[in-house]
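Here the structure comes first, spelled out in structure tokens, and everything after it is commentary.
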Amino acid sequence: MVNFADWSKEEKDQYTISVMKGLVMDATRQANSGHPGGPMSCADFAYLLYRYHLTFDPKDPEWFDRDRFILSGGHMSMLQYSLLLFIDWLDLDDIKNFRQLHSKTPGHPEVEIPGVECTTGPLGQGFAMGAGMAQAEAYLRNLFVSTDQKASRLINHFTYVLASDGDLQEPVALGSASLAGHLGLSKLIVFYDANEAQISGNTNRSDSTDYATVFEGFKWHVQQIDGHDHDQLNNAILDAKKSDRPSIIIGKTIMAKGTANMEGDHNTHGAPLPQDEIDRTKDKLGLPPDKFYYPKEVKEYFQERFP
């Protein structure tokens, strides 16, 4: 880390994501429960969203016109907790107490935690709540604009939803998606982490739905990308923000991306990685073996755009 300041932006981004993955692995291992595979598959999207695109006030998690982020796959909570740590809305002791009684980092995100917009857990529920939040934003914005055009600056935010394979298999998600398309909720953006792995095996054991076709039928703006390619991810978010329809970014990802020997393994979905796999993965990612490694250089880099 001595020469971190001299690294390229791309190198700093990749290393910061590696630190996130280290925290995910260590927290789930220490708790002896949790879901490391999913957070590691969608870490690229979540990191880039928070680092470059999400509008929020780091000094005020309740600022009214903040962009909303909903982790519909609430079991992937360590993904969001690591980002809240980077913002300073959580601290490292909170991460070390992951899934412990009365901690600020329960197994699924709860709305009382700074930076968590709604309690999620039952699959599909977060997707539906995100559609509801986008409808509330549109209603209020249009209500104010009908009185004074300048009022559009009061309410003008996006709602982002991170959804898993399991989320889209739930009728509540597809029903709310149909309504969102009908209403033209253009400030609703969903990233679908399509890693094709679930707790009991690969998704093709039970689901062969063409979700791109389904969402096109719902009148959504649909993009299909490599969910680990940073240029594709950044461009997809920018394109989604320009659309006059709700948007879904279908990111083809790899479960437990970055692990030494367990990439694509559905067994990483709902159980901590073995310690020897964590050790080998940290070595592969260029991380030291330290547990809960969180260098100040990474925090300072993440917070560069803060006012």
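The values are calculated or read from the model by the stated rules, or taken from the named source; none is laboratory data. Since the model is a prediction, treat every value here as computed from it, not as a measurement. Heads up, the Cβs are rebuilt from the backbone with ideal geometry, glycines too, and the neighbour counts pull from every protein chain shown. Just the protein is used for accessible areas: all its heavy atoms, side chains included, with ligands, DNA and RNA removed. Shrake-Rupley method; radii C 1.70, N 1.55, O 1.52, S 1.80 Å.
Connecting C-alpha atoms closer than 10 Å in a GNM of the chain, tell me which of F218, F56, F144 has the biggest fluctuation.
Top of the fluctuation ranking is F144.
Using amide H atoms built in the peptide plane, which far-off residues or other-chain residues are under 5 Å from I250 H to H?
Residues meeting the criterion, in which the H sits 1.01 Å from N, are Y192, Q223, Q224, I225.
How about region 3-102: which trypsin sites (Lys or Arg not before Pro) there lie in a loop by DSSP and see at most 10 other Cβ atoms within 10 Å?
K59
Top mean-square fluctuation among Q80, Q149, Q224, Gaussian network model of the chain, C-alpha springs under 10 Å?
Maximum fluctuation in the GNM of the chain, among the listed residues, is at Q149.
Which whole-number percent is the relative contact order of region 159-307 (Cα, under 8 Å, 6+ apart)?
Value for region 159-307: 23 percent.
Report ³J(HN,Hα) in whole Hz for each residue of region 275-286, in order, from the Karplus equation J = 6.51 cos²θ - 1.76 cosθ + 1.60 where θ = phi - 60°; Gly and Pro get x.
Whole-Hz 3J(HN,Hα) from phi for region 275-286: 4, 5, 5, 4, 4, 5, 5, 4, 5, 4, 7, x.
Just to confirm my numbers, what's the Cα centroid distance between region 1-37 and region 55-100 in Å?
16 Å
May I ask you to give the percent of accessible area on region 167-307 that is carbon plus sulfur, with a probe radius of 1.4 Å?
Of the solvent-accessible surface of region 167-307, carbon and sulfur hold 47 percent.
Pulled fully out, how much extra length does the chain show between D148 and D276, if you take 0.36 nm times their separation in residues and subtract their Cα-Cα distance?
The span from D148 to D276 would gain 39.9 nm if fully extended.
Please report, in cubic angstrom per residue, the volume enclosed by the convex hull of the alpha-carbon atoms of the chain.
124 Å³
Evaluate the relative contact order of region 79-166 (contact order divided by residue number), counting alpha-carbon pairs under 8 angstrom at least 6 apart; express in whole percent.
It rounds to 17 percent for region 79-166.
W63's amide H: which non-local residues (gap 5+, or another chain) put their own amide H closer than 5 Å, with H modeled 1.01 Å from N in plane and none for Pro or chain starts?
D57
Tabulate in residue order the Karplus-calculated ³J(HN,Hα) for region 34-41, using 6.51 cos²θ - 1.76 cosθ + 1.60 with θ = phi - 60°, rounded to whole Hz; enter x for Gly and Pro.
x, 10, x, x, x, x, 6, 7
Give, to the nearest whole percent, the P(r) tail of region 86-189 beyond 15 angstrom, counting all Cα pairs.
69 percent
Tally Lys/Arg at +1 and Asp/Glu at -1 over every other residue whose Cβ is under 10 Å from the Cβ of P58; what's the total?
-1
Per residue, how much accessible area does the chain show when a 1.4 Å probe rolls over the protein heavy atoms, in square angstrom?
Dividing the accessible area of the chain by its residue count gives 43 Å².
Would you mind checking K59/K299; K21/K291; K219/K241; K104/K296; K12/K282; K12/K59 for any pair whose Cα atoms are more than 19 angstrom apart?
Among K59/K299; K21/K291; K219/K241; K104/K296; K12/K282; K12/K59, the Cα-Cα distance tops 19 Å for K104/K296; K12/K59.
Near the amide H of Q198, under 5 Å away, which other amide H atoms are found, from residues 5 or more places off or on another chain, if H is placed in the peptide plane?
The list, which skips near neighbours in sequence, is T203.
For H157, what charge total do you get from the other residues with a beta carbon under 15 Å from its beta carbon, if Lys and Arg give +1 and Asp and Glu give -1?
Summing Lys/Arg as +1 and Asp/Glu as -1 gives -1.
Which order do R305, R153 take when ranked by solvent-accessible area (1.4 Å probe, heavy atoms of all protein chains), largest first?
Ranking R305, R153 by accessible area, largest first, yields R153, R305.
Counting only other residues whose beta carbon sits under 14 Å from that of M129, what net charge do I get with K and R as +1, D and E as -1?
After counting each charged neighbour, the total is -4.
With the full set of protein chains in place, find how many percent of the accessible area of region 23-150 is carbon and sulfur; take the probe as 1.4 Å.
52 percent
Can you compute 3J(HN,Hα) from phi for each residue in region 61-67, using the Karplus curve 6.51 cos²θ - 1.76 cosθ + 1.60 with θ = phi - 60°, rounded to whole Hz and x for Gly and Pro?
Per-residue couplings from phi come out as x, 9, 3, 5, 9, 5, 5 Hz.
Relative contact order, percent, of the chain when contacts are C-alpha pairs under 8 Å separated by at least 6 residues?
24 percent
Along Cα→Cβ, 7 Å out, is where each label goes; now give me the distance between the ones at W7 and K284 in nm to one decimal.
1.8 nm
When the distances between all Cα atoms of region 221-289 are binned every 5 Å from zero, what whole-number percent does each bin get?
3, 16, 19, 15, 13, 13, 11, 7, 3, 1
Per the helix-only calculation at 222 nm, which mean residue ellipticity applies to the chain, given -39500 (n - 2.57) for every DSSP H run of n ≥ 4 and division by its residues, nearest 500 deg cm²/dmol?
-12000 deg cm²/dmol
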